[in-house]
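What follows draws every value from the coordinates through simple rules; no lab data is involved. Just so it is clear, the structure is predicted and the values come from calculations on it, not from any experiment. Glycine also receives a Cβ, built like all others from the backbone with ideal geometry; neighbour counts cover every protein chain displayed.
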Amino acid sequence: MPTGPAFKPMGTLKASRRDRYQMVFLVAALVILPIIFTTMNAQYLSPGNLDSMMRQASVLLLVVAAGTAPILMGSIDLSVGAIVSLCAVAAALFAQSMGQSAVFWVLPLGLLIGLFNGVIVSYIKLPSFLVTLGTSFVFGGIALLASGGFPVQLVSGSLNAAFHQSLFGIFPMPLVYAVILWLLLIVWLRRTATGRFIYAIGGNERAAKVCGVNVRWVKSLAFGAGGLCCGLAGVLVLFSTTAATPDIGNSFLLPSIAAIVMGGTPLSGGQGGAARGLIGTLILVELTNGMLIIGLPPAAQQIVQGIVVILAVLLTFDRRTAAVVK
Amino acid sequence: MNTDDSLLQITNLTKVFKGFKALDSVSFDLKLGEVVGLAGHNGAGKSTLLNILSGNFAPTSGSMTLDGTPFQPSSYNDSTRAGVFRIYQELSVMDNLTVAENLTLGTERHIRKFGLITPNRINNIAGGFLDDVGLGDLDATKRVDQLTMAEKQLVEIAKAMYMARLAKIEKPVLLLDEPTSGLTQSQVDFLEEHINNLRSSMGIILTTHRGSELLEWSDRVVVLRDGQVVGTPDPKTTTPEQLSRLLLGDTEVVRHTRRDKRIDGDRDRLELRRLTLPSIAEPFSMTLRPGEIVALIGESEEKTAVARCVSGLVKAKDGTINVDGEPVSAGVRGSLEAGIRFVPADRAGEGLSLLHSVQDNLSLGAMAAEGRQDLARKPHAAKAFAQDLVTKFGVKVSSLNQSAGSLSGGNQQKLLVARALSEDARVVVLDKPTRGIDVHAKAEIFRLVLEASDRGVAILIASDEPEELMPICDRIIAFRDGVVSAEFDCRSESEPTLGELAESIS
């Protein structure tokens, strides 16, 4: 008779019973929140507000995607917000000097920044928590230096239309771009050897090494992929605000981790996935937008958001099988 | 059965799980000063019995008395309070604390002075206690991570005795669950000697996979099969072979003998040339021909060092490794590309991702070692691949989606062996492949190894249990004190006796 902790079959797409029961809660929250907010303010479900929610969701979804790959390995990237800031500032500066279409250079820039994190973590062997906490200050500082401390305006150009239009008149283009990259990330994690290695590292890094997985390189790539997502998030946030401040992405860090965990990707790694981040993202966007629209004071909004994050973890964290909680 | 002087009396104990009888009217008793050996392969009911005794499970029916009073523990703490202490196979001593700190952990209210606890006081109390019970050679101030596995076992036992003393329990019962798993022979002897010194004041129930040990340590042996007591052989007159026949029942004892297989030609499959390793005093060289099975034995870490070096996990300071005449490049990837596959000793730590499914664990190997990218792209290909291996190697799983952590130790090991013995394998290195698995699983592993050797795979095994490997090995290389002390040819008429093997390493 197995007496140890019950291991769930994971890493397969098959949901266990507990997963399904979590899903019920999450979907219920997704449906109930709009009902509550609409009864308090009928504007909540107006086309205008829906559009703005989807635009908010597009950036958060990318930051959630960015954080997922490191978390699947049992690592964490705390610099995602700072990378978004730096990429937004860089995109605005690139646009000023080379024209608007140069904003896309921040995608490879984001990739390199992410790889930089990954290389420090895996080749120099330092804990990702501390490395990315440190680099978040470094990247934030660079963004501050580059911007001179002031918002950097986005020069207008031909791309404006591509970001302000909507697909079928419903889905704002930023959301479409975000979803495309998010889907690519899901495929990468689920259907390529590198993606499977990321899960394997999260399950047992030493076993992955014995199997011949190039652990250090795969780890670097996972952080790099996160950086790439942050790069696009930086572009989207720049187009939505038309000016980049050096702290523009910082506020996304905590909600992104909350959305990942809410979706059922535990910080211990090896389980869950990018697909699951969507539902957490949507709940958080519904909540933040709703609190705004019913006119909750900003201080109260913060308190509610914090409590909701803890409640979400309470629902999704499997406390029965976690022998030790740290 | 004399019930008057028995310390623990177990009567008609039955435990049913969802219609499955894990224990079926088991009765026996344990007297003060006695060691009762519990024998049985995995699933025979040993763990269930220990779990009932330690309060983890409640029996479906039957009764127990401890020192004459009814004993019905409802939790681990409950059984501890009554004086039954279970020493788990996975030790629960804390490596980062000293012996004294481990010993007194959880008993702080007995040792506080003015509400404070000082290291000095802990050390004095623990040191005094250890001297008192005859474990004075354990240094109370030493950190536990500096102890050997056998000493850690003793710390666990001492802790149980200390708690018994605080609770004023004069005659504790100790449940030792696989205490020798992972110990070298000299550590086993060390442990046995100490337990013999301690046993007069307690009763001990012991389980171990090693039959000879069980017979040597126990005053009486209780053999369980399918939840029933099938015999209580006298350990003094029973041989390990008789015991293992009793354990298996009617099942055929799978016994392989070396076939007169022709080892292919004169060319070498694996050649180790003057490997310089930290634990080996002089450069180590050896060759393996295709299909040859060689075991490395020894008390300390030389054998494992060689195995890990060949696998690419440990870099030799000097020397070369060749496979089929080609030099093997450094690192795990270099070894894999040369066709070397490795089965690590630490199944949970280095072998499998316990959280992930059987299928994921199997396909991981092929994806990483053989570049089977298609297994990631096409889930049905990965499924077919895993199903094929599971069938071919007889891994018992309920589903390919079952997590590796839910398999028995023997099946986990088969999973690892299945992954290692792929088509591309030219050399397979196994580090302590039979550690902690039952006789059935051992026989299966040996069968798989022999089949691979028939295909021409060269097999190198680092082993703690050479006597078990004897029937399948072609050669045995023994290490002692960092040098090769003997080499035995098991194919010739002069095959070594167990005595010769034991002598070569101690």
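Points to keep in mind about this one:
- GNM flexibility winner over chain A from A:38, A:242, A:194 (Cα, springs under 10 Å): A:38
- Each part reduced to its alpha carbon centroid, the stretch A:252-309 and the stretch B:337-372 end up 36 Å apart.
- Exposure proxy order (Cβ contacts within 10 Å, fewest to most) of B:294, A:63, A:304: A:304, B:294, A:63
- Averaged over residues, the count of other Cβ atoms within 10 Å places the peptides B:121-131, B:135-145 in the sequence B:121-131, B:135-145, highest first.
- Max mean-square fluctuation residue, GNM over chain A, Cα-Cα springs under 10 Å, options A:146, A:233, A:57: A:146
- In this structure the amide hydrogen of residue B:84, modeled in the peptide plane, comes within under 5 Å of the amide hydrogens of B:173, none closer than 5 places in sequence on its chain.
- Spin-label proximity, residue B:374 to the stretch B:396-423 - amide N less than 18 Å from point 7 Å beyond Cα toward beta carbon: B:422-423
- The alpha-carbon of residue B:21 sits under 23 angstrom from the alpha-carbons of these lysines, leaving out residues fewer than 8 places away in its chain: B:46, B:396.
- Cα shape, the stretch A:30-314, gyration tensor, a/c 1.5 rule: oblate
- Taken residue by residue and averaged, Cβ atoms of other chains lying within 10 Å of the Cβ of B:327-338 number 2.
- Label-point separation, residue B:454 to residue B:58 (7 Å along Cα→Cβ), nm: 5.3 nm
- Only Lys, Arg, Asp and Glu carry charge here, each on its Cβ (+1 for the first two, -1 for the last two); on that basis chain A has a dipole of about 1240 debye about its Cα centre.
- Footprinting exposure proxy for A:125, B:442, B:315 (fewest neighbouring C-beta atoms within 10 Å first): A:125, B:315, B:442
- With a simple spin-label model that places each label point 7 Å from the Cα along the Cα-to-Cβ direction, the separation between residue B:285 and residue A:42 comes to 9.4 nm.
- Each residue, residue A:184 and residue B:228, gets one label point 7 Å from its Cα in the Cβ direction; the gap between the two is 6.7 nm.
- Partner chain coverage, peptide B:368-378 - average Cβ within 10 angstrom: 4
- Ordering A:87, B:309 by the number of other Cβ atoms within 10 Å of each residue's own Cβ, fewest first, gives B:309, A:87.
- Cβ charges +1 (Lys, Arg) and -1 (Asp, Glu), total dipole of the protein assembly as shown, debye: 2980 debye
- Within a Gaussian network of chain A (alpha carbon springs, distance under 10 Å), most fluctuating of A:274, A:200, A:82: A:200
- In Hz, Karplus ³J(HN,Hα) per residue of the stretch B:9-16 (6.51, -1.76, 1.60; θ = phi - 60°; x = Gly, Pro): 10, 10, 10, 6, 6, 10, 9, 10
- Ordering B:429, A:75, B:176 by Cα displacement along the dipole of the protein assembly as shown toward the positive end leaves A:75 in first place; charges were set at the Cβ atoms of Lys, Arg (+1) and Asp, Glu (-1).
- If R0 is 22 Å, the Cβ-Cβ spacing of residue B:17 and residue B:74 corresponds to a FRET efficiency of close to 0.80.
- J(HN,Hα) series, the stretch B:376-384, from Karplus relation 6.51 cos²θ - 1.76 cosθ + 1.60, nearest Hz, glycine and proline x: 7, 5, 10, x, 5, 5, 5, 5, 5
- Too-long pairs where the Cα-Cα distance tops 18 Å, listed order kept, from B:392/B:414; B:159/B:432; B:113/B:152; A:125/B:317; B:303/B:432: B:159/B:432; B:113/B:152; A:125/B:317
- Helix B:185-198 vs. chain B, principal-axis angle (Cα, 0 to 90°, nearest 10): 10 degrees
- Number of partner chain Cβ atoms within 10 Å, mean per residue of B:345-352: 4
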